[in-house]
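The values are calculated or read from the model by the stated rules, or taken from the named source; none is laboratory data. On a predicted model such as this, the values are computed, not experimentally measured, just so you know. Glycine gets a Cβ as well: all are built from the backbone with ideal geometry, and neighbour counts include every protein chain shown.
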Amino acid sequence: MEEPATLLADVQRRIAAAAKVARRKPADITLVAISKTHGPERIAPLIAAGQRVFGENRVQEAQAKWPALREQHPDVALHHSLDRASLVAGLARAMDKAARQVPCFVQVNIGAEEQKGGCAIADLPMLLAEARAAAIPLAGLMCVPPLELEPAPYFALLAKLADDHGLTGLSMGMSDDFETAVMLGATHVRVGSALFGARG
Ligand SMILES: *Cc1c(COP(=O)(O)O)cnc(C)c1O
């Protein structure tokens, strides 16, 4: 297993190379390190190597791990997503209570898969309207394309949906396809196993 700093440098280099092909600036692409299932002992070396944006999947896991890490590293940010209207009110209340407005990505079920999280494309206008009405700052759209299919058409569709709704952030691309996502306009790529190794 490579050192975290080596893996991080390699992913950054690949992002920069894909950005160059797309004539984009590497600095316009944020690497989100997806640290789900990994403990603080694996996360801390990445922070030490300069990584500052992380993402988790489960709220409970994030709440157990991150308060201590963020106390030591207040400049670390967590990537947040929202995928249904029933979460809007609670999220708005939590932001009010914390007196912190955290921009959220709205997750879209881009491949219309039954088992996947995310808002149906048809429901997106309503969810965005509700989030905006609740004054939740929107960072953009996020998706996880169907596993066995070519991801590029789904990335292109997410980019179009974001454009249709006046949103600029595009969180798309994971370990296996982040270069494709960068070429199709990703502003955030969410990378887990390429940074941490396979999940147990
Ligand atoms: C796990 C996960 C990732 C990272 O996946 P890798 O293939 O390990 O890079 C990205 N986004 C979401 C929503 C995930 O659940």
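Applying the selection to segment 89-126, what residues are at positive phi and loosely packed, with under 13 Cβ neighbours inside 10 Å?
Ala99, Ala112
Looking for something at pLDDT 95 or above, in a loop (DSSP other than H, G, I, E, B) and among the small types (Gly, Ala, Ser) - is there at least one such residue anywhere in segment 169-184?
Checked segment 169-184: at least one residue is at pLDDT 95 or above, in a loop (DSSP other than H, G, I, E, B) and among the small types (Gly, Ala, Ser).
Quick check, is Ala194 in a helix (DSSP H, G or I), touching a residue at least 60 places away in the same chain (Cβ under 8 Å) and either aromatic (Phe, Trp, Tyr) or within 14 Å of the ligand (Cβ to nearest atom) (or both)?
yes
Any idea how many residues of segment 10-41 are among the hydroxyl-bearing types (Ser, Thr, Tyr) and touching a His at 6+ places or on another chain (Cβ under 9 Å)?
Residues in segment 10-41 being among the hydroxyl-bearing types (Ser, Thr, Tyr) and touching a His at 6+ places or on another chain (Cβ under 9 Å): 1 in total.
Condition first: part of a helix (DSSP H, G or I) and among the β-branched types (Val, Ile, Thr). Can you find one or more residues in segment 119-127 that meet it?
Yes, segment 119-127 contains a residue that is part of a helix (DSSP H, G or I) and among the β-branched types (Val, Ile, Thr).
Which members of segment 10-28 meet the condition of being of a type in the set (A, V, I, L, M, F, W, C) and free of Cβ contacts under 8 Å to residues at least 24 places away in the same chain?
Ala16, Ala27
Please find, within segment 25-56, the residue that is farthest from the chain's Cα centre (by Cα) out of those that are surrounded by fewer than 18 Cβ atoms within 10 Å (Cβ to Cβ), closer than 24 Å to Pro103 by Cα and among the charged types (D, E, K, R).
If we take residues in segment 25-56 being surrounded by fewer than 18 Cβ atoms within 10 Å (Cβ to Cβ), closer than 24 Å to Pro103 by Cα and among the charged types (D, E, K, R), then Lys25 is farthest from the chain's Cα centre (by Cα).
Would you confirm, using the coordinates I've provided, whether Pro125 is at pLDDT 95 or above, away from the ligand (no atom under 16 Å from the Cβ) and over 19 Å from Ser35 (Cβ atoms)?
yes
If the requirement is being surrounded by fewer than 16 Cβ atoms within 10 Å (Cβ to Cβ), at pLDDT below 95 and not β-branched (Val, Ile, Thr), which of these qualifies: Arg199, Arg132?
Step by step, each of Arg199, Arg132 is checked, and only Arg199 is surrounded by fewer than 16 Cβ atoms within 10 Å (Cβ to Cβ), at pLDDT below 95 and not β-branched (Val, Ile, Thr).
Residues Leu127, Leu138, Leu170: which one is within 19 Å of Gly90 (Cα to Cα) and under 17 Å from the mean Cα position of the chain (by Cα)?
Leu138
How many residues does segment 135-155 hold that are surrounded by fewer than 13 Cβ atoms within 10 Å (Cβ to Cβ) and either closer than 18 Å to Leu87 by Cβ or among the aliphatic types (A, V, I, L, M) (or both)?
So the count comes out to 4.
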